[in-house]
Amino acid sequence: MKTITIQLPDMAFSSLRKSQEELAIEMKHLSVVKWFELGLISQNKAAEICEMSRWEFLRLLSQYKVSILHYTENELDHELEILSRASTKSKK
């Protein structure tokens, strides 16, 4: 595993009331959540990077109010059309 070093002022820790370790973990999680939100990585890859199960990663997404679904408006319209057609066929 690689290590990245960043410099933060001492006040960052006291302002957030977090230890260096807690802040490092939170920054890692926030970065991975954002990468997932941007569609750069999958749920499975994100969970792997965060060193947690996929289920735990889904809970992390919920904690940061990030949707687990990634659909563009067109993709969502397409999926809804498919569901609508399937529903109509099953009623016949």
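In the condition set (1) over 10 Å from the mean Cα position of the chain (by Cα); (2) modelled with pLDDT of 90 or more, L60 is compliant with all but (1). In segment 35-50, the residues that are touching a residue at least 24 places away in the same chain (Cβ under 8 Å) never reach a residue that is among the hydroxyl-bearing types (S, T, Y) with C-beta atoms less than 7 angstrom apart, at least six apart or across chains.
Does segment 38-87 hold any residues that are of a type in the set (G, A, S), under 30 Å from T3 (Cβ atoms) and in contact with a helix residue (DSSP H, G or I) (Cβ under 8 Å, 6 or more places away or on another chain), and which are they?
Here is the first cut: in segment 38-87, the ones of a type in the set (G, A, S) are 39, 42, 46-47, 53, 62, 67, 84, 86-87.
Checking which are under 30 Å from T3 (Cβ atoms) leaves us with 39, 42, 46-47, 53, 62.
Scanning segment 38-87 gives S42, A46, A47, S53.
The values are calculated or read from the model by the stated rules, or taken from the named source; none is laboratory data. Since this is a predicted model, take the numbers as computed values, not measurements. All Cβ positions, glycine included, derive from the backbone under ideal geometry; neighbour counts span all protein chains shown.
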